[in-house]
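This report refers to the structure that appears directly beneath it.
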Amino acid sequence: MKPIASGKVREIYAVDDKSLLIVTTDRVSAFDVILPTPIPDKGKMLNHLSEFWFEFTKDILPNHLISTDYKTFPAPFCDMPELEGRAMLVKKLKMLPVECIVRGYITGSGWESYKKCGEVCGIRLPEGLQESQKLDEPIFTPSTKAAEGHDENISFERMCEIVGTELATKVKNATIAIYKACADYAATRGVIIADTKLEFGLDENGELVLGDEVLTPDSSRFWDMADYEVGRGQKSFDKQYLRDWLKANKFAGVEPAPELPADVVSTTAAKYKEACDLITK
């Protein structure tokens, strides 16, 4: 079996005219580069988190998930136990050519931009904000999907030009509604979701559908609420730890990427597992 598409983490297989199989590997990427060292069981944890969030948000917007039980997959996938826990049978969608990013806190590249010009992706924010501060309202900052290299931040107006104003507005509202609902739930589990990236597509009837992954440590920043303090960087349950290690070792996105030491692999795996357990158990 050969995938019809291979992403940084996921392999996508054709099943039939209406469905796909998405397999989540243990690969990890940072700065848009796939690292040579996998993180054990990372794929299963990402798959489980997405399954949880798809169920949690299904009343806000329909999603593409059909099943995560490999025994229910069409042949030959139903005879592949190695898929257990790390694959999803999903509806085939016409995916929108934009990534939908929502930021509830000012951090990362948003913080760097704010310090320079008082804006994040062209959105003017109040003066006097501190690093990691919660915003009065989440902001929507879409980007393009780059086939290679880095995605490019775009304005909402540019997104309207790409997909149309009506659809762009619907996507923006859905992105913020999903983020707010999930962030409120995560807060009850001691987790702050600082920001996240969502992807959407259109089904055979032209209806908007949530796809790809949802609120995993690969697509979101998860912070420990008990340790949260405005004015500094935060302890995270996502791959920010890995990014920080790479930066400290002078890697910022130019291949070849370095092999990861065993302690970095085990710490990264533990952070993924902690996030998964806090949210889903």
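Readers should treat all values here as calculations from the given coordinates under stated rules, not as data from a laboratory. Not measured: the values here are computed from a predicted model. Note that each Cβ is placed from the backbone with ideal geometry, even for glycine, and that neighbours are counted across all protein chains shown.
Reducing region 239-253 and region 90-128 to their Cα centroids gives an inter-centroid distance of 21 Å. For region 43-122, the alpha carbon convex hull comes to 144 Å³ per residue, rounded to a whole number. For the chain, the membrane-span-like helices by this rule, meaning whole DSSP H stretches whose C-alpha atoms cover at least 24 Å of axis and whose Kyte-Doolittle mean is -0.5 or above, are 165-188, 262-280; this says nothing about an actual membrane. Which whole-number percent of Cα pairs in region 161-281 have a distance greater than 21 Å? Tail of P(r) above 21 Å: 51 percent of Cα pairs.
Counted residue by residue at 0.36 nm each, then reduced by the alpha carbon distance between them, the extension gain from Asp227 to Asn173 reaches 16.4 nm. Loop-located trypsin sites (Lys or Arg not before Pro) in region 1-106 (DSSP state not H, G, I, E or B) with no more than 16 neighbouring Cβ atoms inside 10 Å: Lys8, Lys18, Lys58.
In summary, the aspartates and glutamates within cross-link reach of Lys116, defined as a Cα separation below 15 angstrom excluding same-chain residues under 8 places away, comprise Glu127, Glu131. What shape does region 1-102 take by its C-alpha gyration tensor, where a ≥ b ≥ c are the square roots of the eigenvalues and a/c under 1.5 counts as rounded, a/b above b/c as prolate, and the rest as oblate? Rounded, since a/c falls under 1.5. Projection of the Cα convex hull of the chain, averaged over all directions and equal to a quarter of that hull's surface, yields 15.1 nm². Loop sites here are GluC sites (Glu not before Pro) outside DSSP states H, G, I, E and B with no more than 16 other Cβ atoms within 10 Å. The longest part of the chain free of them is 1-83.
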